[in-house]
1. May I ask you to verify whether Ala104 is surrounded by fewer than 15 Cβ atoms within 10 Å (Cβ to Cβ) and aliphatic (A, V, I, L, M)?
2. Looking at the stretch 58-97, which of its residues are at pLDDT 95 or above, surrounded by fewer than 17 Cβ atoms within 10 Å (Cβ to Cβ) and more than 14 Å from the chain's Cα centre (by Cα)?
3. Show the residue pairs that are 6+ apart or on different chains and have beta-carbon atoms under 6 Å apart, the first residue being within the stretch 80-105 and under 20 Å from Leu26 (Cβ atoms) and hydrophobic (A, V, I, L, M, F, W, C), the second being surrounded by fewer than 17 Cβ atoms within 10 Å (Cβ to Cβ) and at pLDDT below 90.
4. Taking the stated definitions as given, is Asp34 buried (at least 17 other Cβ atoms within 10 Å of the Cβ) and at pLDDT below 95?
5. When you check Glu21 against the structure, is it under 13 Å from the mean Cα position of the chain (by Cα) and modelled with pLDDT of 95 or more, yes or no?
6. When you scan the stretch 59-67, do you find a residue that is touching a Lys or Arg at 6+ places or on another chain (Cβ under 6 Å), of a type outside the set (A, V, I, L, M) and assigned to a strand (DSSP E or B), even just one?
7. Does at least one position in the stretch 20-37 carry a residue that is out of contact with any strand residue (DSSP E or B) (no Cβ under 6 Å at 6 or more places or on another chain) and among the aliphatic types (A, V, I, L, M)?
Amino acid sequence: HHVYYQAVPAGSPLPREARPESGGKLRVTFDRADGGLVIKEGSKLDGFYVADGSPEPVFHPAAAEIDGNSVLLSSIRVKHPVRVRYGWSDNPAVTLYNRAGFPASPFEL
């Protein structure tokens with residue numbers, strides 16, 4: 001894409017922002033979703049953790065669902081999530097992809 005200037009996907013989905021929503025949810029919006037986000041075949045959407053805005057946050061596993069170019073997160077242990085981590089471990093389960101087949105890299109927002 002960058003070298004030959006051809007209309008091919010530029011790469012992995014990149015998190016743009018994490019925005020709190022009503023009902024104790026956190027929406028993570030992605031750039032480079034290239035037709036939407038998908039779950040790796042035969043997997044479930046794993047690897048997301050959320051925390052509140054305290055100075056020393058404690059991250060807890062989050063339930064995740066894809067909504068177009070974003071992922072909605074929630075956790076029964078975090079009432080007002082404002083921070084997110086994805087793939088944040090030594091051997092992460094990377095299950096979030098864009099339709100072009102590129103996996104999302106680990107990140108923290």
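The values are calculated or read from the model by the stated rules, or taken from the named source; none is laboratory data. What you are looking at is a predicted structure, and each value in this text was computed from that prediction instead of being measured. As a convention, Cβ positions derive from the backbone with ideal geometry for all residues, glycine included, and neighbour counts pool all protein chains shown. Protein only, heavy atoms only, side chains kept; ligands, DNA and RNA dropped before computing areas. Shrake-Rupley method; radii C 1.70, N 1.55, O 1.52, S 1.80 Å.
1. On the way: surrounded by fewer than 15 Cβ atoms within 10 Å (Cβ to Cβ): no; aliphatic (A, V, I, L, M): yes.
No, not satisfied.
2. Val58, His60, Ile76, Arg77, Lys79, His80
3. Listed pairs, sorted by first residue: none to list.
4. Values: buried (at least 17 other Cβ atoms within 10 Å of the Cβ): yes; at pLDDT below 95: yes.
Against the criterion (buried (at least 17 other Cβ atoms within 10 Å of the Cβ) and at pLDDT below 95), Asp34 qualifies.
5. Considered against the rule, which asks whether it is under 13 Å from the mean Cα position of the chain (by Cα) and modelled with pLDDT of 95 or more, Glu21 comes out as no.
6. Of all residues in the stretch 59-67, those touching a Lys or Arg at 6+ places or on another chain (Cβ under 6 Å) come to 59-60.
Filter once more, keeping what is of a type outside the set (A, V, I, L, M): 59-60.
Checking the rest, the ones that are also assigned to a strand (DSSP E or B) come to 60.
Looking for residues that are touching a Lys or Arg at 6+ places or on another chain (Cβ under 6 Å), of a type outside the set (A, V, I, L, M) and assigned to a strand (DSSP E or B), one finds at least one in the stretch 59-67, hence yes.
7. The answer is no, given that none of the residues of the stretch 20-37 is out of contact with any strand residue (DSSP E or B) (no Cβ under 6 Å at 6 or more places or on another chain) and among the aliphatic types (A, V, I, L, M).
Conditions (1) open to solvent by 60 Å² or more (accessible area, probe 1.4 Å); (2) modelled with pLDDT under 95; (3) outside any strand (DSSP E or B); (4) of a type in the set (Gly, Ala, Ser), marked per residue:
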site: Tyr5; (1), (2), (3), (4): yes, yes, yes, no
site: Glu17; (1), (2), (3), (4): yes, no, no, no
site: Leu26; (1), (2), (3), (4): no, no, no, no
site: Ser43; (1), (2), (3), (4): no, yes, yes, yes
